[in-house]
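The values are calculated or read from the model by the stated rules, or taken from the named source; none is laboratory data. Note that the coordinates shown come from a computational prediction; the quantities given were computed from them, not determined experimentally. Heads up, the Cβs are rebuilt from the backbone with ideal geometry, glycines too, and the neighbour counts pull from every protein chain shown.
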Amino acid sequence: MEIDFRPGRVDTGEGAELVKAMRDEIAAAYPGVELDGPSMPKAGPAELSQPTGSFLVGWAGARPVCCGGVKRLPDGACEIKRMYVVPDARRQGVARRLLHALEDEARRLGYATARLDTGPRQPHAKALYMSEGYAEVADFNGNPVADYFAEKPL
């Protein structure tokens, strides 16, 4: 599957639709979690917009199939957020290409280190991150759902 990554928005259009689908899956996987609660790391338009952040939508032809963003962390590293691939595009290498596109975007924004997290009900995400050279670190963002926090030099 050929993927064309384009700038998008997390709060409108196709980007918002993909983020809603991601949030629906997260809510089903982690019942009772308040996704917009005060303890959850923020990843909205303020965080995922220029000049310190970015949000990408991946297109397969005329169809949006994935999304993800980059946000600045207080120590100058960045965090990869909102990674999502639609169910029928999974197991085709789309998530790996999305991760690479987000890392390239982070480099373009001037970041030297990328961090990310995932939870215990997303072992496929953890396996991807580990296979891409992300090394486990201490909790850097206080995400109450996550049990895996990792970083990688860019």
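With (1) of a type in the set (A, V, I, L, M); (2) modelled with pLDDT of 95 or more; (3) surrounded by 15 or more Cβ atoms within 10 Å (Cβ to Cβ) as the list, and Ala46 as the residue in question, which single condition is left unmet?
It is condition (3) that Ala46 fails.
Being part of a loop (DSSP other than H, G, I, E, B) and loosely packed, with under 14 Cβ neighbours inside 10 Å is the filter here; which residues of the range 23-43 pass it?
Pro31, Gly32, Glu34, Leu35, Asp36, Gly37, Pro38, Ser39, Lys42
Return a yes/no flag: does the range 14-22 have any residue that is outside any helix (DSSP H, G or I), without any contact (Cβ under 8 Å) to a residue 60 or more places away in the chain and in contact with a Lys or Arg (Cβ under 8 Å, 6 or more places away or on another chain).
No, the conditions are met nowhere in the range 14-22.
I'm trying to understand the selection: among the residues of the range 1-42, which are β-branched (Val, Ile, Thr) and under 13 Å from the mean Cα position of the chain (by Cα)?
Of everything in the range 1-42, those that are β-branched (Val, Ile, Thr) and under 13 Å from the mean Cα position of the chain (by Cα) turn out to be Val10, Val19, Ile26.
Among the residues that make up the range 143-151, is at least one of them touching a Lys or Arg at 6+ places or on another chain (Cβ under 8 Å) and either farther than 19 Å from Pro41 by Cα or of a type in the set (Val, Ile, Thr) (or both)?
no
Please verify whether Arg72 is modelled with pLDDT of 95 or more and under 21 Å from Ala16 (Cα atoms), treating the condition exactly as stated.
yes
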